[in-house]
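The values are calculated or read from the model by the stated rules, or taken from the named source; none is laboratory data. These numbers come from a predicted model, not from an experiment. When we count neighbours, we look across all protein chains shown, and the Cβ atoms used for this are built from the backbone with ideal geometry, even at glycine.
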Amino acid sequence: MIGAKVHRWLCAALCATLCTAALCAAAMSAPGAAHAQSGGPNLLKNPGFDWPAQTNGDVCAPGWAKDNAITPHEWMAFWTCKSGEELNQDLVNRAPEFRVMTVDIAADRVRGYPTSASFFTYRSINRSAGLYQIVRDITPGTRLRFSVWVNLLTTNSDVLPLSSSRQPGGLRARACIHTTGNIFLVPNLNDPAVVCGDWVRPYDTWGEAVVEATAAANVVAVVLDSTADYPVIHNDVHVDDASLTVVGGNPAPASNPTQQQPAAASATAATTGTPGVVVKMPTANVRAAPSFSGAILASAPQGTTFPVRAYTADREWWQIEFSGAPGGLAYIHNSVVTLNAAAQAALGIGAPAASQQPTAAQTIVGAPAQVVVNTGGGRLNVRAAPASNGQILGRVQNGASLEVKGISPDRRWWRIAYAGGADGTAWVMAQYVIPNAAARQLAGLP
């Protein structure tokens, strides 16, 4: 990638390193196919397109990784490969670049804090490109509804602020369900087993793409597809807040908090060793955001236990699993809950106090402190010392996740675990990586 796009992503990496982030690492599971949860309202894994990220293989060159195809975990990238006659036509079916968008880079392109998925082409088009996820353990004959929110930028102008009102390229997106889940590298959207919804064009705003279909097997796939008409400078797709639900199953969240059933969402934490928080007051508000001004989603009675996913940097709010919230996650204030035994064991502490400084070891998810290489495409030098003239020990590819051991006093270099280093560690320049919440905590960054 060249020009403005390179500059934007390199600057974004630096911004993400220095800017404040509110949440500690969210609970993440290992990459792989999703498994439907019996009775759960959302059958997708990572419906909020959150960290950590993964580097995808090149669908046009199986067996090779594609350094600039970085997607949120559980979501796979796909695009149309060039035909023989298109190999010398750079404007048609060029592979898009995939990234994780953060609120620090472009808050208006993230719908659910703190990230969204993002992919784009630069002065080119790809006839069919997007993201998909495999979902297993579906009962054949189940009627399903796939919903995903998209935000599109399409313009042949670099005039700021960027706007799709200037020379748009006809970018559009749609939601699809592959009713047998039979995907090899790239979804065949012409397969009779695929059902797609209407094309949507939410330019410079968020719009919902929706489709319903009946599962024909115990495996299905959900697909977010996109295409464009013209090879303009920006054909950028941003994706967030997806859900796959059973039609006629659990009712949609009601606007009246008293109609919610928060106790049902807490069964896992109450009956297993799952870290959770227990409501200690007669009632406690469950909110859509970690703020007293956040919308109240429910009022939970005393004794309700919620599985915990993370907590805010000031350790005043717990992020909890709650089926009545978009993406299945909500917040509850620390003052109205206590930790269950599993949470205390996971943290090695009692209930969090605002005066305490969180550390990487106190992140419930168990996600290690990591940085993600974000060079915009090239490889990043790994050095023996935190200096630009330090000996180069090796290079790591764009999108790689590196375990963090510390940070230099000037905060310009991250110390990482590296087998080729003298003491098992080495250094990478902070400008070209994005730290996760656990890494920021470890380094004492805001």
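Annotations for the structure displayed:
- Counted residues, segment 181-230 - those being polar (S, T, N, Q) and at pLDDT 90 or above: 5
- Against the numbered list (1) part of a loop (DSSP other than H, G, I, E, B); (2) under 28 Å from Arg145 (Cα atoms), Val100 comes up short only at (1).
- Note on segment 165-186: residues that are buried (at least 16 other Cβ atoms within 10 Å of the Cβ), within 21 Å of the chain's Cα centre (by Cα) and either β-branched (Val, Ile, Thr) or outside any strand (DSSP E or B) (or both) amount to 2.
- Checked against (1) within 30 Å of Thr214 (Cα to Cα); (2) of a type outside the set (Ser, Thr, Tyr); (3) part of a loop (DSSP other than H, G, I, E, B), Ala77 passes all but condition (3).
- Within the option set Thr102, Thr121, Thr142, being crowded, with 23+ Cβ neighbours inside 10 Å, β-branched (Val, Ile, Thr) and in contact with a strand residue (DSSP E or B) (Cβ under 8 Å, 6 or more places away or on another chain) holds for one residue only, Thr121.
- Residue pairs whose Cβ atoms lie under 8 Å apart, separated by 6 or more positions or on different chains, with the first residue in segment 420-441 and on the phi > 0 side of the Ramachandran plot and surrounded by fewer than 23 Cβ atoms within 10 Å (Cβ to Cβ) and the second outside any loop (DSSP other than H, G, I, E, B) and not acidic (Asp, Glu), are Gly424/Ala417.
- Residues (in a strand (DSSP E or B) and in contact with an Asp or Glu (Cβ under 9 Å, 6 or more places away or on another chain)) located in segment 211-237: Val211, Val219, His234
- Test: residue in segment 149-157 that is in a strand (DSSP E or B), more than 23 Å from the chain's Cα centre (by Cα), surrounded by fewer than 23 Cβ atoms within 10 Å (Cβ to Cβ) and not acidic (Asp, Glu): yes
- Listed by position, the strands (runs of 3 or more DSSP E) inside segment 259-317 whose residues that are at pLDDT below 75 and not hydrophobic (A, V, I, L, M, F, W, C) number at least 2 are 305-311.
- Filter result for His73 (assigned by TED's automatic domain parsing to the domain that holds Gly181, modelled with pLDDT of 90 or more and surrounded by fewer than 21 Cβ atoms within 10 Å (Cβ to Cβ)): yes
- Residues of segment 222-247 satisfying the condition of being under 18 Å from the mean Cα position of the chain (by Cα) and over 16 Å from Ala117 (Cα atoms): Leu244
- Residue tally, condition over 18 Å from Thr102 (Cβ atoms) and under 24 Å from the mean Cα position of the chain (by Cα), over segment 406-427: 1
- The one condition in (1) closer than 18 Å to Asp50 by Cα; (2) at pLDDT below 90 that Ile125 fails to fulfil: (1)
- Taking the criterion of being surrounded by fewer than 22 Cβ atoms within 10 Å (Cβ to Cβ) and outside any strand (DSSP E or B), the residues of segment 380-399 that qualify are Ala384, Ala385, Pro386, Ala387, Ser388, Asn389, Gly390, Gln391, Gln397.
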